[in-house]
Structure formats: C-alpha cells, structure tokens
Amino acid sequence: MSAVLPPCPESEETVAESELLHLGPFDDEPCLRADAARNRARLLDAAARLIAEHGAAGVTMDAVASAANVGKGTVFRRFGDRTGLLNALLDHSERNFQAAFLSGPPPLGPGAPPVERLRAFGIAMLRRSVDELDLQLAAEPGAERRYSVPPRRVHLAHLMMLLRQAVPGADAELLAHALMGYLSPVLVHHLTRQSAMPPARLEAGWNELVERVTGGADAGSATASPDQG
C-alpha cells in the first residue's frame, strides 16, 4: 500500500480528498509528464473497456496495447506486468469512488441528509461492483486481510459517520459492518451471476435495508452540518 492508513475517522474532515487511500504504489503519478499521464489514462480506459466486454480474463498486455493503439512495450513500462495493470485499474476506480462520496455532489457526496447518503452510497457501490465484478473478485483479499485493507476501512468509517448522524445511540460500528456485508463483491457475484438476480432487485433491497436499519428516520432531521462535509 502506498498510503498510510489513518485511524477510522469520526467525520469526513479527517479523510480529506488529498488523503484518499489507494491500492497501488503510484507515488510518482503526480509527477508524470503530460504525455505520460495521457498514455496512462488511455491504457486504463482501454483495460476498463476490455473488462466490461470480456471480463478480467480478457485483459492481457497485448490486448490492452492493441485497444489503446500503443506498443506492448509501453504497457509493460507503465505497469510492469498484468497484475500491476489490474491493480492500477482498481486503484483508479477506488480513487474516483472515494472522491465522489467524500467531496462530490449530493446525495452521494456532502450536503444531503445522512439517510439519503446511505442509500446513495450503497447504490453506487452495487453498480460499481456489477460493472467491474471480475476485477473486484480478482483483487478480493483473503480472510486475514479482508477487513483491514485501507479502502474497506475508509468505506466502513464513512458508513459509521452517517449511521451516527442518522441513528444516534446505535452501535454504528456493528451496523456498518452489517451493511458492508450486503455490498460484498462475493455476495454480488452469487446473487447476480449464480442466482440470476437482477441488479435492480439488489438496489431495492439495499434501500429497504437502510430503511429498516435507520428505523425510518426522517431524512431531513439529521442533515450533516457544513463543517462535517
């Protein structure tokens, strides 16, 4: 991991956009030349298209080079190998997702009542999982690391913050773990691919779960204050 994990935050002030936690060792990225940055973005876009069309198995260095219209050597120089490419792609997706719920527009980002943000967070995670399920499954940590990887801890802390606002006095940590279980890529794989459940049903189920967990809390009664993001 290239970012140091902070303690689980009480509010979004402690997880500012500049502190987004990511997956791969890309500390040199801010220093990339403009042409190198464009090449990297083009390669990641090409890899994302290949995953959407053929699954993670369809992502080879040759295929990405061809889809991006660059030489294979360019792909190897940028990412090292296929694993490095997949990690970079997942890192890119995670950065965008974190930016959206930490500082993007409401209801996913700051400015909406906490219950609305809980709904939006789950829907966004479910849609992201459906869109890049093979990639997320390939990167799924083992049991010993599943609950300690930085992105999951950031997601959990965000849910805890919203739950504390929506249902004061509840055990926000355990409730957040329960909600995260519903959003697991492994469960999404089982429900959508093995049980042929339409994604719309998962989204409706998430909204019902949030409603039950929050006890039908009035979405307008616990709006986050501006300084909480």
### Message
Restricting to the range 89-116, give me the number of residues that are among the hydrophobic types (A, V, I, L, M, F, W, C) and surrounded by fewer than 18 Cβ atoms within 10 Å (Cβ to Cβ).
### Response
2
### Query
For the range 194-203, does any single residue satisfy the condition of being at pLDDT 95 or above, surrounded by 18 or more Cβ atoms within 10 Å (Cβ to Cβ) and under 19 Å from the mean Cα position of the chain (by Cα)?
yes
### Task
Scan the range 136-153 and report the pairs whose first residue is more than 15 Å from LEU187 (Cα to Cα) and whose second residue is open to solvent by less than 70 Å² (accessible area, probe 1.4 Å) and not in a loop (DSSP other than H, G, I, E, B), with Cβ atoms within less than 7 Å and a gap of 6+ or a chain change.
PRO151/GLU94
### Message
Going residue by residue through the range 110-127, is there one that turns out to be closer than 12 Å to PRO185 by Cβ and either in contact (Cβ under 8 Å) with a residue 40 or more places away in the chain or not polar (S, T, N, Q) (or both)?
### Response
yes
### Query
Of ARG127, ARG146, ARG119, which residue is under 24 Å from ALA200 (Cβ atoms), surrounded by fewer than 19 Cβ atoms within 10 Å (Cβ to Cβ) and of a type in the set (D, E, K, R)?
ARG127
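Kindly provide the set of residues from the range 33-60 that are part of a loop (DSSP other than H, G, I, E, B) and open to solvent by 40 Å² or more (accessible area, probe 1.4 Å), ordered by number. Walk me through how you get there before you give the answer.
Here is the first cut: in the range 33-60, the residues part of a loop (DSSP other than H, G, I, E, B) are 33, 55, 59-60.
ARG33, THR60 - these are the residues of the range 33-60 that are part of a loop (DSSP other than H, G, I, E, B) and open to solvent by 40 Å² or more (accessible area, probe 1.4 Å).
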### Members of the range 172-190 that are open to solvent by less than 60 Å² (accessible area, probe 1.4 Å) and either in contact (Cβ under 8 Å) with a residue 40 or more places away in the chain or not in a helix (DSSP H, G or I) (or both)
LEU179, TYR182, LEU183, SER184, PRO185, VAL188, HIS189
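The values are calculated or read from the model by the stated rules, or taken from the named source; none is laboratory data. This one's a predicted model, so the numbers in the text were calculated from it and none came from an experiment. Methodologically, a virtual Cβ is constructed for each residue, glycine included, from the backbone with ideal geometry; neighbour enumeration extends over all protein chains shown. Side chains are part of the model used for accessible areas, which takes the heavy atoms of the whole protein and leaves out ligands, DNA and RNA. Shrake-Rupley method; radii C 1.70, N 1.55, O 1.52, S 1.80 Å.
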